[in-house]
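In what follows, a single structure is set out as structure tokens and then discussed.
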Protein chains: 2
Amino acid sequence: MSSTSSEEIAKSAKAAFEASQLISSAERIKALHVIRSELEALKAEILAANHVDLEAAQVEVDAGRMSDSLLKRLDLAKGDKWDSMLQGILDVAELPDPTGTVTYATELDDGLELYRVSCPIGVLLVIFEARPEVVVNIATLAIKSGNAAILKGGKESNRTTLLLSKAISSGLSKTSLPDTYVQTIQTRAEVSSLLQLDQYIDLVIPRGSNSLVKNIQNNTRIPVMGHADGLCSVYLDETADAEKATRVVVDSKIDYPSACNSTENLIVHESLLKTVWPIVAKALLAANVRLLCDPPTLEALESLSPAPENLQSHVQHSDETSYSTEHLSLTLSIISLPSIQSAIKFINSHSSHHTDCIVTESDAAASVFCRGVDSAGTFVNASTRFADGFRYGFGTEVGISTGKIHARGPVGLEGLVIYKYMMRSKDSRGHVVGDFGTGKKQYKHSVIQAKTVPF
Amino acid sequence: MSSTSSEEIAKSAKAAFEASQLISSAERIKALHVIRSELEALKAEILAANHVDLEAAQVEVDAGRMSDSLLKRLDLAKGDKWDSMLQGILDVAELPDPTGTVTYATELDDGLELYRVSCPIGVLLVIFEARPEVVVNIATLAIKSGNAAILKGGKESNRTTLLLSKAISSGLSKTSLPDTYVQTIQTRAEVSSLLQLDQYIDLVIPRGSNSLVKNIQNNTRIPVMGHADGLCSVYLDETADAEKATRVVVDSKIDYPSACNSTENLIVHESLLKTVWPIVAKALLAANVRLLCDPPTLEALESLSPAPENLQSHVQHSDETSYSTEHLSLTLSIISLPSIQSAIKFINSHSSHHTDCIVTESDAAASVFCRGVDSAGTFVNASTRFADGFRYGFGTEVGISTGKIHARGPVGLEGLVIYKYMMRSKDSRGHVVGDFGTGKKQYKHSVIQAKTVPF
């Protein structure tokens, strides 16, 4: 598709966003329910299209061009996936409205009121891979938060996402929201064109591989919310308890190795080399984890008698690249360091500022670690795998951000809103700045108690 | 200076930021007081350097290469500028600490606590023009909010800013904060190099001309907070009161025409062409404002008898470019439109999303305008000139943002902070994700009442 039509898509998304600002948020809730019904009505047709996508993907898998795990993620009929996709719409519909909330209100002068009120950001461009239900998840989050959205799924699920998108548009057309409020695009060329249109698109949310995210960050002026790397660490402090250390490290590594919040680097305080480290290492080796060790941690294992299970097959020397590699598998890089200060420096220069954990019995060390480590999540005696919007209690998750502005860590609906300032003069002559100053009126700045804007 | 040394500057700023995270915020307050004393001690030397800067600038002015207003902004000895610069340090020191505040806290399980706590962003790169006292203002804001900063002033004030910077470093060296916490650079080449170093610099804040800001936005991947254009509008609704309209429009235009929050476009509902518009126009003409009119508003003025003052000299035809021009002078572009809906569309496509105002007696119209206009400020019967951090009650202002994420409108200290999530397990075995799920433990998500992190 040409860049002209990408411009039309972006322009109509912005127009839909602007028009939607004058439609009550109750209509957005209604839209979610109608879309759910449309999806239910189109269920057979959608699952048939999904079956065709799956058959095409199976050919790719058989030819060795696609992974089996990618194929599995395509399947919309598997288990309770369809039902939980529809239930997700109702769950989001019932969350508190993230828009229209006053977060600051002050009377500048008698009859001159200022309100800071949460509002949607504008037009979101969301790019993701493989899993077709993400179209519905993201459309739901966008509609709930009052943002227009342009969605691009993986090409493997094009037939499925086309029909999901049809159901969404058809649902929107039965409400007063514009049916271009949520649009779906199919090609990478369209994405490239859209990334240039910062006059229409306000935020890009990539959800996919490291290379997808980096490529987008390098090719747009539009703000990008997300994370390229998930390089998390666990640090075993000198006071670490052996059982806590073992449980936390093993869970952080093996619970879901390909997730962004699984741990890739383990830092061992050098006082633990002959005490806690061998216990943790044995548990990791028993769990089939491959260990890339620096000389002291390697030596500590080699000197054990009897030799631990899997020592020969699973333990190797690390090199400098080991500590900046996101393994995404049952591999863990290990380094020993002499102090908590050196561990914090190591994490700040090697981790991706996602989530890092200390195992310690010392409150002072916990406090230093949580303040000194510059990451979205700093944990004490808890698995890095807890870094997740659902687990944090947000009900849903837009994604996880390793950026330093706007939203950081797991992002809930509040990451899709910003605020505007509304000001009203109730004075019979209006309010002008020229009436204030030395020898004239002074600003009052008296707090107004308000949760919503009264006009 | 070479890009190697720019990298060293950025790297040492990041190291200073990271080290500062383990220093209590009380030390930052102390630093502000010490810096104030250092400046006071260096006063004679600084003002002498400023005098040399001024003499060099006078040569440029005489040669027609610099404006007189720029020269005036350089002068640090003028009026109470020096004293208010020093008082500003004390004012900021006394503001509430924007860091360390818990904004979300929940117990995920017995003994597993999650805290979202405000914290500094990291390293700020602040680029501004002419006024040397901005070095002190921005250093103060950065230190108060716990961010490291790299500052670049205008070349016209290099001698002054070098000494201001010396006083700041000297002050920092008398505290436990690193003396590279605030650094000053002098050349554009260094700025260009620094804009590429997104691994060290977290936020760029340009404060200066439209072209400075646009140039920076186009040349960095680092998030930029600020505004290029300040194209504000006033819309006179069909129910507009003539006196309010006149006062608000005149103040919005003439109070400080070169400010970003002064009004550039006036939209007149077509029902007002023979009623309110002539009254407003006469007041503008009497105030020496040049009017660029569309045919209906021009015709309305030409048909008046007697002809208004300045009609021949000050009223001209507008063209399409008039409405996207930031005049920054006593010039106003005027258009008549048939409805509030068309006015909102016009503003959304022509204004810079900074601040826009409606003059109306209708609550319904006020509500529609404030929601429909997608700008940082939407005002009712109040001058656009009120869009300002001091007037909003923030005590100080980092700048005004027309971006759609992180911070919008006048930005106070809270625009220089983000948050991190701290999690602590108090369980004797630590907490792991593998213990939760179907048939296992469930997440509690019970609210914790806390204003600060208890560890």
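Here are the numbers for the structure shown:
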| quantity | calculated |
| --- | --- |
| Selection from the stretch B:405-451 of residues that are open to solvent by 30 Å² or more (accessible area, probe 1.4 Å), of a type in the set (S, T, N, Q) and either closer than 30 Å to residue A:204 by Cα or modelled with pLDDT of 95 or more (or both) | B:428, B:442, B:446, B:449 |
| Search result, residues across the stretch A:144-171 that are buried (at least 24 other Cβ atoms within 10 Å of the Cβ), touching a residue at least 40 places away in the same chain (Cβ under 8 Å) and part of a helix (DSSP H, G or I) | A:144, A:145, A:157, A:160, A:164, A:167, A:168, A:171 |
| Lone unmet requirement of (1) away from chain B (no Cβ under 14 Å); (2) at positive phi for residue A:226 | (1) |
| Residue check for residue B:55: assigned by TED's automatic domain parsing to the domain that holds residue B:128, farther than 15 Å from residue B:158 by Cα, among the charged types (D, E, K, R) and in a helix (DSSP H, G or I) | no |
| Test for residue A:409: is it in contact with a helix residue (DSSP H, G or I) (Cβ under 6 Å, 6 or more places away or on another chain) and within 7 Å of chain B (Cβ to nearest Cβ) | no |
| Residue A:300 vs. criteria in a helix (DSSP H, G or I) and over 34 Å from the mean Cα position of the chain (by Cα) | yes |
| Counted residues, the stretch A:63-77 - those being at pLDDT 90 or above and in a helix (DSSP H, G or I) | 1 |
| Exclusive hit being part of a helix (DSSP H, G or I) and open to solvent by less than 20 Å² (accessible area, probe 1.4 Å), set B:48, B:31, B:44 | B:31 |
| Exclusive hit being open to solvent by 30 Å² or more (accessible area, probe 1.4 Å) and within 14 Å of another protein chain (Cβ to nearest Cβ), set A:131, A:116, A:188 | A:116 |
| Residue list for the stretch B:272-298, filter: farther than 26 Å from residue B:361 by Cβ and out of contact with any strand residue (DSSP E or B) (no Cβ under 7 Å at 6 or more places or on another chain) | B:288, B:295 |
| Cross-chain or 6+ apart pairs with Cβ under 9 Å, the stretch A:403-425 first and polar (S, T, N, Q), then part of a strand (DSSP E or B) | A:425/A:109; A:425/A:112; A:425/A:113; A:425/A:431; A:425/B:379; A:425/B:380; A:425/B:382 |
| The lone exception for residue A:378 - which of (1) over 28 Å from residue A:85 (Cα atoms); (2) without any contact (Cβ under 8 Å) to a residue 60 or more places away in the chain; (3) at the interface with chain B (Cβ under 7 Å from one of its Cβ atoms); (4) open to solvent by 30 Å² or more (accessible area, probe 1.4 Å) it fails | (4) |
| The stretch B:47-70: number of residues that are in contact with a helix residue (DSSP H, G or I) (Cβ under 7 Å, 6 or more places away or on another chain) and without any contact (Cβ under 8 Å) to a residue 60 or more places away in the chain | 4 |
| Selection status of residue A:345, out of contact with any helix residue (DSSP H, G or I) (no Cβ under 6 Å at 6 or more places or on another chain), within 30 Å of residue A:272 (Cα to Cα) and either more than 9 Å from every other protein chain (Cβ to nearest Cβ) or without any contact (Cβ under 8 Å) to a residue 40 or more places away in the chain (or both) | yes |
| Hey, residue B:365 open to solvent by less than 20 Å² (accessible area, probe 1.4 Å), within 13 Å of chain A (Cβ to nearest Cβ) and over 27 Å from residue B:226 (Cα atoms) or not | yes |
| Subset tally (residues that are in contact with a helix residue (DSSP H, G or I) (Cβ under 6 Å, 6 or more places away or on another chain), farther than 30 Å from residue B:222 by Cβ and surrounded by fewer than 23 Cβ atoms within 10 Å (Cβ to Cβ)) for the stretch A:220-245 | 2 |
| Residue under evaluation residue B:352, criteria (1) within 7 Å of chain A (Cβ to nearest Cβ); (2) over 25 Å from residue A:435 (Cβ atoms); (3) open to solvent by 10 Å² or more (accessible area, probe 1.4 Å), criterion not met | (1) |
| Residue check for residue A:216: touching a residue at least 12 places away in the same chain (Cβ under 8 Å) and within 10 Å of chain B (Cβ to nearest Cβ) | no |
| Selection from the stretch B:419-455 of residues that are part of a strand (DSSP E or B), facing chain A (nearest Cβ under 7 Å) and of a type in the set (A, V, I, L, M, F, W, C) | B:422, B:423 |
| Residues of the stretch A:262-282 satisfying the condition of being more than 20 Å from residue A:350 (Cβ to Cβ) and open to solvent by less than 30 Å² (accessible area, probe 1.4 Å) | A:276, A:278, A:281 |
| Residue that is nearest to residue A:137 (Cα to Cα), among those in the stretch A:372-404 that are modelled with pLDDT under 95 and of a type in the set (A, V, I, L, M, F, W, C) | A:398 |
| Cross-chain or 6+ apart pairs with Cβ under 8 Å, the stretch A:71-94 first and in the same structural domain as residue A:57 (by TED's automatic domain parsing) and in contact (Cβ under 8 Å) with a residue 60 or more places away in the chain, then in a loop (DSSP other than H, G, I, E, B) and open to solvent by 40 Å² or more (accessible area, probe 1.4 Å) | A:74/A:131; A:91/A:395; A:92/A:395 |
| Considering residues of the stretch B:385-404 that are surrounded by fewer than 24 Cβ atoms within 10 Å (Cβ to Cβ) and touching a Ser or Thr at 6+ places or on another chain (Cβ under 7 Å) only, the residue nearest to the other protein chains (Cβ to nearest Cβ) | B:393 |
| Any hit, the stretch B:417-425, residues being more than 11 Å from the chain's Cα centre (by Cα) and under 30 Å from residue B:231 (Cα atoms) | yes |
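Let's see how each residue does on (1) hydroxyl-bearing (Ser, Thr, Tyr); (2) in contact (Cβ under 8 Å) with a residue 24 or more places away in the chain; (3) more than 16 Å from residue B:378 (Cα to Cα):
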| position | (1), (2), (3) |
| --- | --- |
| A:98 | no, yes, yes |
| A:104 | yes, no, no |
| A:109 | no, yes, yes |
| A:114 | no, yes, no |
| A:123 | no, yes, yes |
| A:128 | no, yes, yes |
| A:133 | no, yes, yes |
| A:136 | no, yes, yes |
| A:140 | yes, yes, yes |
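The values are calculated or read from the model by the stated rules, or taken from the named source; none is laboratory data. Since this is a predicted model, take the numbers as computed values, not measurements. Here the Cβ is made from the backbone with ideal geometry for all residues, glycine too, and neighbour counts use every protein chain on show. Note: accessible area is taken over every heavy atom of the protein model, side chains too, but ligands, DNA and RNA are not part of it. Shrake-Rupley method; radii C 1.70, N 1.55, O 1.52, S 1.80 Å.
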